[in-house]
1. Would you confirm whether or not the stretch 27-36 contains a residue that is closer than 26 Å to S91 by Cβ and surrounded by fewer than 14 Cβ atoms within 10 Å (Cβ to Cβ)?
2. Looking at V170, V176 in this structure, which one is outside any helix (DSSP H, G or I), among the hydrophobic types (A, V, I, L, M, F, W, C) and more than 16 Å from V59 (Cα to Cα)?
3. Just one of (1) of a type in the set (D, E); (2) under 12 Å from L151 (Cα atoms); (3) free of Cβ contacts under 8 Å to residues at least 24 places away in the same chain trips up D53, so point out which.
4. If a residue has to be assigned to a strand (DSSP E or B) and either hydrophobic (A, V, I, L, M, F, W, C) or buried (at least 20 other Cβ atoms within 10 Å of the Cβ) (or both) to count, how many in the stretch 231-280 make the cut?
5. Using the structure shown, decide if A258 is closer than 24 Å to V59 by Cβ, in the same structural domain as I57 (by TED's automatic domain parsing) and at pLDDT 90 or above.
6. If I filter the stretch 200-217 down to residues being modelled with pLDDT of 75 or more and surrounded by fewer than 17 Cβ atoms within 10 Å (Cβ to Cβ), which single residue comes out as nearest to A161 (Cα to Cα)?
7. Within the stretch 236-257, which residues are of a type outside the set (G, A, S), touching a residue at least 12 places away in the same chain (Cβ under 8 Å) and touching a strand residue (DSSP E or B) at 6+ places or on another chain (Cβ under 8 Å)?
Amino acid sequence: MDRTRREAAWLRRAQRRGPLNVLLWPLSLIYQFLMLVRRWHYASGALQVHQVDVPVIVVGNVVVGGAGKTPCTIALVNHLLTRGWHPGVVSRGHGRRTHDVRPVDAAASATDVGDEPLLIQRSTGVPVYVAPRRAQAAEALRAAHPEVDVLVCDDGLQHLALGRDLSIVVFDDRGVGNGWMLPAGLLREPWPPTLGTPFRPDFILHQSRSAHAAPQSVTLPGLPAFEARRRLAAYAIGPMEQRIDLSLLRQQPLCAVAGIARPAVFFDMLRECGLAPIREVPLPDHADTSVYEALLRDTPHTLICTEKDAVKLFPLLAATTPGARVQAWSVPLELTPEPAFFEAIDQRLARFKRPH
């Protein structure tokens with residue numbers, strides 16, 4: 001848990017320009033310089049950009065700490081399916097113990113393929129491949145699934161080795177934090193990007209739990225920006241895919257679990273739904289399965305978690321003795337971009353050959 005507290009404390013500090021941030025600011029200038037040099041190396045051809053024979057849509061963010069990339073990827077893939085495309089997804093598979101190129105199927109272990117790729121595959125049913133380099137995953141996916149006619153790269157904004165036809169940068173209510181680069185702030189790359197900057201994003205998607213407008217720090221003249229609303233579903237899903245109304249859990253003693261970048265956000269959303277967990281367990285993002293094993297041993301209460309946690313937690317439950325099995329539920333996150341966002345996606349893809 002110490003790691004979780006350290007991460008949360010650092011994320012809070014990166015929202016302001018305190019003494020420690022000022023002390024780290026010179027290091028952020030070095031980091032920014034190195035990022036710009038790397039970017040121009042790819043733009044000039046000194047480093048190779050791998051082009052794929054189908055359109056590639058990159059979804060990513062410019063801040064650390066999670067901004068909703070995976071929910072955006074899932075919503076985008078499901079939209080493409082409704083429009084007649086045959087999408088596939090490539091990812092690095094953060095948190096996995098393997099280092100090879102491999103497909104992700106519904107029966108895979110999060111330890112082998114990563115929790116987010118597994119969640120994407122189970123939520124969409126499309127081909128998903130993971131690899132240390134997204135270009136490797138794209139090549140393997142296309143070879144195994146020639147029917148795929150559009151690729152979505154999850155969390156790939158800074159992975160410049162894979163060519164892209166459209167890139168989407170996702171923000172949440174933190175905006176750009178204090179506006180400084182790592183390690184003095186949240187930014188992975190300079191923001192706002194100047195006009196003519198190589199690999200400049202095409203769209204901004206700001207997701208929020210409220211009706212508040214996007215922070216001014218994330219808007220940029222000439223760069224289309226869209227809104228998306230996120231909320232927890234009105235139901236919970238059990239290990240056997242059973243569903244119950246979320247309101248039925250309001251009177252139960254609950255232990256809330258969240259192994260995501262910002263666990264407090266999930267806990268807040270549970271309370272907004274009328275649930276009052278008697279215990280909240282924040283876990284590190286991409287937490288190891290051993291952490292969940294310890295949780296099952298130590299918690300007698302009903303567990304309620306995110307879908308991302310469930311891909312690790314539910315298989316552990318299935319392996320326990322039925323009589324000693326803790327009750328557990330996951331609550332899906334529903335992300336609803338405004339219609340104009342999908343319309344803009346469709347317009348950009350219209351220049352590519354449509355599937356038959």
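1. yes
2. V176
3. The number of the failed condition is (3).
4. 9
5. No.
6. In this case the residue turns out to be R200.
7. Passing the criteria: I237, P239, I244, L246, L249, Q252, P253, L254, C255, V257.
So that you can scan it fast, the table gives a plain yes or no per residue for (1) in contact with an Asp or Glu (Cβ under 9 Å, 6 or more places away or on another chain); (2) touching a residue at least 24 places away in the same chain (Cβ under 8 Å):
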{"site": "A264", "(1), (2)": "yes, yes"}
{"site": "R271", "(1), (2)": "no, no"}
{"site": "P284", "(1), (2)": "yes, yes"}
{"site": "P300", "(1), (2)": "no, yes"}
{"site": "C305", "(1), (2)": "no, yes"}
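The values are calculated or read from the model by the stated rules, or taken from the named source; none is laboratory data. Source: prediction; values computed, not measured. No Cβ is skipped: glycine too gets one built from the backbone with ideal geometry, and neighbour counts run over all protein chains shown.
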